[in-house]
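J.: I have a structure I would like to understand better, so I am pasting it below and will then ask my questions one at a time.
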Amino acid sequence: METTLDRIKEGKRVTVTSVNLPIDVRHRLMVMGIRRGALVTVENSAPLRDPLKVRVKGHAFSIRKGEASRIGVRD
């Protein structure tokens with residue numbers, strides 16, 4: 001099922017299918033490991049789910065909800 005990263009429940013692992021963000025933001029996320037085919041786990045979120053704490057290739061970091069809403073993922 002295809003959805004966006006901001007809609008994924010905590011503890012769930014998904015595969016990135018698309019990153020629809022401006023090139024500068026997309027590049028920053030690619031450096032951190034978020035690119036098509038990457039496995040991403042949503043670890044937890046702040047109130048109102050902004051930001052989300054995610055883990056990619058063993059590294060954890062936070063991502064804004066607005067950015068997460070433009071990252072396509074699937075189970």
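Derivation of every value follows stated rules applied to the coordinates shown; laboratory data play no part. In this text, all values refer to a predicted model and were calculated from it rather than measured experimentally.
J.: From the backbone phi of the range 53-58, what are the Karplus-calculated ³J(HN,Hα) couplings (6.51 cos²θ - 1.76 cosθ + 1.60, θ = phi - 60°) in whole Hz, Gly and Pro given as x?
T.: Values per residue, Gly and Pro as x: 9, 10, 10, 9, 6, x Hz.
J.: Where a ≥ b ≥ c are the square roots of the eigenvalues of the C-alpha gyration tensor, would you call the chain rounded, which needs a/c under 1.5, or, failing that, prolate if a/b is larger than b/c, or oblate?
T.: Because its axes are fairly even, with a/c under 1.5, the chain counts as rounded.
J.: Tell me, what HN-Hα J-couplings in whole Hz come from the Karplus equation 6.51 cos²θ - 1.76 cosθ + 1.60 at θ = phi - 60° for each residue of the range 61-75, using x for Gly and Pro?
T.: 7, 9, 9, 5, 4, x, 6, 4, 6, 10, 10, x, 9, 9, 5
J.: Build a GNM of the chain with springs between Cα atoms under 10 Å: which of Gly11, Gly58, Gly33 gets the top mean-square fluctuation?
T.: Gly58
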